[in-house]
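Novice: Got a structure for you, written out below as structure tokens; questions coming shortly.
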Amino acid sequence: MRVLVVTAVPVERDAVTRAFGGAPEVLTVPGAELHRSGAFDVLAGGAGPAAAAAAAAFALASSAPHPYGLVISAGIGGGFAPTAPLGSLVVASDIVAADLGAETPDGFLPVTALGFGRDRFVPPPALVREVAAATGAAPGPVLTVSTVTGTAARTAALLAAHPGALAEAMEGFGVAEAAERTGVPVLELRAVSNTVGPRDRAAWRIGDALAALTEAFGKSAPVLEGWNRHDH
């Protein structure tokens with residue numbers, strides 16, 4: 001099975017491809033480069049849900065005559081303490097658009113409460129369990145935000161609105177939108193580089209998180225490549 005992995009930036013793309021060994025084959029698709037290693041095509045689609053959705057959609061549309069069987073949003077992200085510590089891995093049980101909606105005098109309303117759209121995608125539970133078992137990743141909701149959280153108040157508001165959330169990132173929901181429209185299952189896998197809350201760049205562990213991301217794909221590659229949704 002062919003797998004499309006969408007990251008935000010080249011350093012994340014390269015961390016993923018290192019897991020497969022050797023130099024990847026570099027291919028050009030509209031708006032991006034694909035780095036191909038065996039069954040895995042990895043691209044850096046840009047930061048934020050809009051860029052991620054566009055990059056994933058172009059890659060999916062260019063995949064004929066050998067379409068992808070799985071799309072993964074992957075990279076580093078912020079973890080909610082204490083459940084997702086620095087350097088740990090998170091695999092999304094739910095991919096949630098945490099700030100897509102409207103502010104009201106009574107608080108935030110998700111887009112679904114406004115009567116249109118959707119605010120979450122649910123990856124295949126069996127695949128989530130298998131990847132968690134292979135990598136040691138914690139399964140739980142991963143929030144997609146367009147503005148990285150930088151205050152304790154915003155952290156508390158997100159956890160109140162999304163109990164059990166483990167991490168936040170900026171691309172998962174966009175990738176999931178593109179995958180859904182082409183009927184391809186989606187997964188989100190994140191390595192925690194920083195704690196969600198007041199910004200403290202000195203405490204970030206980006207290198208450790210990228211190393212954890214490489215290790216995660218090394219351990220999960222057989223699961224991902226061999227997974228067949230029709231078997232579950």
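The values are calculated or read from the model by the stated rules, or taken from the named source; none is laboratory data. Note that the structure is a prediction, hence the values are computed from the model and not measured. All Cβ positions, even for glycine, are placed from backbone atoms using ideal geometry, and neighbour counts span all protein chains on display. Protein only, heavy atoms only, side chains kept; ligands, DNA and RNA dropped before computing areas. Shrake-Rupley method; radii C 1.70, N 1.55, O 1.52, S 1.80 Å.
Novice: What whole-number value in Å² describes the accessible area per residue of the chain for a 1.4 Å probe?
Specialist: On a per-residue basis, the chain sits at 43 Å².
Novice: Compute the distance in nm between two label points, each set 7 Å from the Cα along the Cα-to-Cβ direction, one at ALA160 and one at ARG129.
Specialist: 3.5
Novice: Now for a different question. Using a 1.4 Å probe on the protein chains only, how many percent of the accessible area of the chain belongs to carbon and sulfur?
Specialist: In the chain, the share of accessible area belonging to carbon and sulfur is 59 percent.
Novice: OK, next. For ARG205, ARG181, ARG13, give the ranking by accessible area with the largest first, probe 1.4 Å.
Specialist: Order by accessible area, largest first: ARG181, ARG205, ARG13.
Novice: Taking 8 Å as the Cα distance limit and 6 or more residues as the minimum spacing, I'd like the relative contact order of the chain as a percentage.
Specialist: Value for the chain: 29 percent.
Novice: Want the number for ALA64 to ARG118: 0.36 nm per residue separation, take away the alpha-carbon distance, what's left? Display every interim value, and only then the final one.
Specialist: Values: separation 54, 0.36 × 54 = 19.44 nm, distance 2.82 nm.
This chain segment gains 16.6 nm when fully extended.
Novice: Under the definition of Cα pairs under 8 Å and six or more residues apart, what whole-number percent is the relative contact order of the stretch 146-232? Don't skip to the answer; put the middle values down first.
Specialist: On the way: 50 pairs, mean separation 25.3, N = 87.
Relative contact order for the stretch 146-232 comes out at 29 percent.
Novice: Can you check what the net charge comes to around VAL5, using other residues whose Cβ is under 10 Å from the Cβ of VAL5 (Lys, Arg +1; Asp, Glu -1)?
Specialist: -1
Novice: Counting alpha carbon pairs within less than 8 Å and at least 6 residues apart, what relative contact order, in whole percent, applies to the stretch 11-66?
Specialist: 26
Novice: Ok, one more. To the nearest 10 degrees, how steeply does helix 125-135 sit against the main Cα axis of the chain, on a 0 to 90 scale?
Specialist: Around 80 degrees separate the two axes.
Novice: Can you give the helix-only mean residue ellipticity at 222 nm for the chain, where every DSSP H stretch with n ≥ 4 adds -39500 (n - 2.57) and the sum goes over all residues, rounded to the nearest 500 deg cm²/dmol?
Specialist: -10000 deg cm²/dmol
Novice: ASP200 versus GLU103, label points 7 Å from Cα toward the beta carbon: distance in nm?
Specialist: 2.7
Novice: If you build the Cα gyration tensor of the chain and take the root of 5 times each eigenvalue, what three semi-axes come out, in whole angstrom, biggest first?
Specialist: Gyration-tensor ellipsoid for the chain: 27, 20, 16 Å.
Novice: Can I ask one more? Probe 1.4 Å, all protein chains in place: accessible area of HIS162 in Å², nearest 10?
Specialist: My reading of the accessible area for HIS162 is about 30 Å².
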